[in-house]
Amino acid sequence: MFEVYIHVPFCLRRCGYCDFNTYTATDLGAGASRGNYANMVIREMKLTKQWQLDHGIEEPPVSTVFFGGGTPTILAARDLVAMLDAIRKIWGIAPDAEITTEANPDTVNEYYINELAAGGFTRVSFGMQSAVPHVLKTLDRTHTPANVAAGVNAANKAGLRSSVDLIYGAPGESLDDWRTSVTTAIDLGVNHISAYALTVEPTTKMGRQIAAGTLPKPNDDDEAAKYEIADDLFAAAGLEWYEVSNWARPGYESQHNLGYWRNVDWAGLGPGAHSHYNAVTEADHPQSASLTAPAGGGCPADAGLGVVSVSHGLRSWDIAHPRLWGTAINENRVPWADSETITPEENLEELIMLGLRLHEGLDLDRINRAINDAGMSSTPQTLRTVSVDQLAPMISEGLITVSDNHRVVPTRRGRLLNDSVIEQFFDFVGV
């Protein structure tokens with residue numbers, strides 16, 4: 001599988017809790033403006049495709065596309081469609097591909113959504129966050145619950161799938177407030193809901209307010225209680241958890257996000273976006289043997305070099321500031337800030353962390369193959385494995401279950417204590 005993520009770094013205003021790579025200015029220099037952004041991303045697509053060819057990477061047609069941000073829908077709908085059309089021309093798009101954009105309910109209407117549908121989009125993820133006015137105010141959100149409902153109704157009429165995102169644990173949010181938000185989201189009739197615990201970063205406006213004592217700090221026990229409320233109400237409404245923070249009716253899971261959690265290949269485009277490749281080859285010219293970007297940022301797109309194998313692939317990330325990102329593109333360079341080769345041990349760690357977030361579970365047989373691929377056997381003649389018997393303490397603690405086909409699945413308690421479950425599994429594996 002191959003996925004494409006496009007980061008749109010523009011917002012109407014910056015929410016107090018947000019530390020994403022976003023900007024409120026309309027023009028950030030070097031061509032990175034709202035009006036020209038689609039053209040810049042399309043140029044990055046072409047540079048990325050050339051880089052893939054130069055490194056022996058032949059990806060299948062794109063299976064999912066996701067526009068995130070920031071606020072993708074701050075751009076004209078025709079710009080999102082133009083970027084999608086470019087993906088179709090450069091890589092091809094699978095016939096049943098999932099094409100999603102995030103949307104701020106304040107920035108879309110029926111005409112906008114109809115244009116997306118006509119252009120090939122299949123799904124819209126609305127940033128609902130809460131249905132309670134005072135919670136929305138604390139989060140610095142300007143939309144109303146009515147705006148969310150109008151967006152979902154417009155998507156339904158256009159034949160698009162809808163999802164809504166919720167945030168729990170905002171300062172001043174009561175259990176009843178949260179229950180209201182969950183039931184309001186369910187009553188919208190959407191088939192997919194994400195619910196994320198509020199993470200407070202110290203450099204944000206909210207982080208500074210909490211540090212100054214003008215807002216209370218989120219409480220772990222409160223957030224756990226809210227998670228359980230959501231899980232119960234979603235289940236009663238027919239929404240099943242498929243990832244720690246995501247619930248859907250069967251068949252409506254986010255295929256794009258599942259791709260991340262299953263560690264497929266994806267190209268990230270736009271300032272600060274990350275890319276991931278499982279099977280990468282690198283230049284065999286001595287002066288170009290490293291896949292790491294040069295000090296100035298950006299990798300040449302026209303190397304045309306021979307290749308040798310790299311065992312477990314590559315992770316890279318684009319230059320974060322839009323002006324510097326645009327400068328690299330204008331100089332015909334893939335706009336990476338840096339990259340790193342994924343070692344077998346790092347690959348093993350990622351398989352564990354991602355697999356233990358999924359309802360489909362962590363494939364124990366795959367983990368045991370990865371353990372030995374990472375050279376972690378006790379002797380060259382002895383294959384090291386993690387057995388079901390070793391996991392008995394975690395099973396007895398009610399943190400996980402193990403299916404007959406050796407898949408390790410977190411219980412609800414295990415989801416609430418996910419970091420602990422991962423750490424204990426790391427201990428068994430020895431990483």
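The values are calculated or read from the model by the stated rules, or taken from the named source; none is laboratory data. Everything quoted here is computed from the prediction, not taken from an experiment. Cβ atoms come from the backbone with ideal geometry, glycine included; neighbour counts cover every protein chain shown. Note: accessible area is taken over every heavy atom of the protein model, side chains too, but ligands, DNA and RNA are not part of it. Shrake-Rupley method; radii C 1.70, N 1.55, O 1.52, S 1.80 Å.
Quick look at the values:
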item: Single unsatisfied condition, LEU53 versus (1) in contact with a Lys or Arg (Cβ under 9 Å, 6 or more places away or on another chain); (2) closer than 18 Å to ARG333 by Cα; (3) of a type in the set (A, V, I, L, M); (4) open to solvent by 40 Å² or more (accessible area, probe 1.4 Å); result: (1)
item: Which numbered condition GLU102 misses (of (1) open to solvent by less than 30 Å² (accessible area, probe 1.4 Å); (2) within 20 Å of the chain's Cα centre (by Cα)); result: (1)
item: Pair list, Cβ < 6 Å and 6+ apart or interchain, from segment 84-96 residues that are within 20 Å of GLY68 (Cα to Cα) and in contact (Cβ under 8 Å) with a residue 12 or more places away in the chain to residues that are in a loop (DSSP other than H, G, I, E, B) and open to solvent by 20 Å² or more (accessible area, probe 1.4 Å); result: LEU84/GLY120; ILE93/PRO61
item: One residue from SER288, SER309 being within 30 Å of PHE426 (Cβ to Cβ), open to solvent by 10 Å² or more (accessible area, probe 1.4 Å) and modelled with pLDDT under 90; result: SER309
item: Segment 171-227: number of residues that are at positive phi and free of Cβ contacts under 8 Å to residues at least 12 places away in the same chain; result: 1
item: Any pair with Cβ under 7 angstrom, 6 or more apart, that starts in segment 46-62 at a residue that is at positive phi and ends at one that is open to solvent by 20 Å² or more (accessible area, probe 1.4 Å); result: GLY56/THR281; GLY56/VAL307
item: Residues of segment 154-171 classified as polar (S, T, N, Q) and buried (at least 21 other Cβ atoms within 10 Å of the Cβ), total; result: 2
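Conditions tested, residue by residue: (1) under 29 Å from ARG14 (Cβ atoms); (2) more than 16 Å from the chain's Cα centre (by Cα).
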site	(1), (2)
ARG161	yes, yes
TRP178	yes, yes
VAL182	yes, yes
ASP187	no, yes
SER194	yes, no
ILE210	yes, yes
GLU243	yes, no
ALA248	no, yes
